[in-house]
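Working notes for the structure below.
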C-alpha cells in the first residue's frame, strides 16, 4: 500500500519491448532503490510495479500490455521524469491517503491556472469515474495524493486540484502541459461503499 507522498522524481533510462505487447522499463531512482530488492514494489506515476532487477541506483520492472493501455505508462519515452514511491512501512507515517497503485483510468490536463503561491490544475476524467470524486475528497494523480477542490459534471466531467510549490517542484505535475495524460486512482473507500450499498451503473 502507498500513500501518494512522492519520495523522488526519477527518470526512464531504457524501454525494452517484450512479447505480447508488454515492456520492461528501467528507471533511475537512487532514493527508492537504496533499500530495494528484486520482488519489491515501487509505484511509478501511481502504478504499482514489481522490481525485477536492482542495480546502481536503478531498477527494472515488467509492464503488462493491459497496464500500458490503461495507464499513461505506454506513452513514456526514455528521459521522461516519473514520480516514485516505495510502499509505506508498517511503522511509517500516513501522510497522504490509502493508495493501492491500481490505476482506475487516464485523465487529461484541461487547464493550468498559476498564481503567486500555488497553481490550480483542471483535469478531465472518464465519465465512469466522476461519481467517485467529491470536493474535499482525495484522489491520486500520477501517484500524487491530492485534495479535490471542485468537481464539474457533464459530458466531459473534470475536477480541479491546488498544487503547492513543494508539489510543483518535487513531482512531475509541475511540468505537465495542457493535453498531457495523467494516471488517476480514485479513493478506494468510495468504491467499497458503492459495492456495499448495491452499486449502480
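The values are calculated or read from the model by the stated rules, or taken from the named source; none is laboratory data. The structure presented is a predicted model; accordingly, all values stated were derived computationally and were not measured. For neighbour counting, all protein chains shown are included, and Cβ atoms are generated from backbone atoms with ideal geometry for every residue, glycine included.
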Residues in region 19-45 that are assigned to a loop (DSSP other than H, G, I, E, B) and either in the same structural domain as residue 185 (by TED's automatic domain parsing) or touching a helix residue (DSSP H, G or I) at 6+ places or on another chain (Cβ under 9 Å) (or both) total 2
Need the failing condition index for residue 93 against (1) assigned to a strand (DSSP E or B); (2) exposed (fewer than 12 other Cβ atoms within 10 Å of the Cβ), just the number. (1)
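Yes/no matrix, rows are residues, columns are (1) part of a helix (DSSP H, G or I); (2) within 21 Å of residue 43 (Cα to Cα):
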| residue | (1), (2) |
| --- | --- |
| 106 | no, yes |
| 113 | no, no |
| 117 | no, no |
| 130 | yes, no |
| 135 | no, no |
| 190 | yes, no |
Name every residue in region 165-188 that is part of a loop (DSSP other than H, G, I, E, B), at pLDDT below 95 and farther than 26 Å from residue 127 by Cβ, in order of residue number. 175
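How many of the residues making up region 34-56 are crowded, with 16+ Cβ neighbours inside 10 Å and either over 20 Å from residue 1 (Cβ atoms) or modelled with pLDDT of 95 or more (or both)?
Of the residues in region 34-56, 12 are crowded, with 16+ Cβ neighbours inside 10 Å and either over 20 Å from residue 1 (Cβ atoms) or modelled with pLDDT of 95 or more (or both).
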Counting just the residues of region 105-122 that are more than 23 Å from residue 11 (Cα to Cα) and touching a residue at least 12 places away in the same chain (Cβ under 8 Å), which one comes out surrounded by the fewest Cβ atoms within 10 Å (Cβ to Cβ)? 117
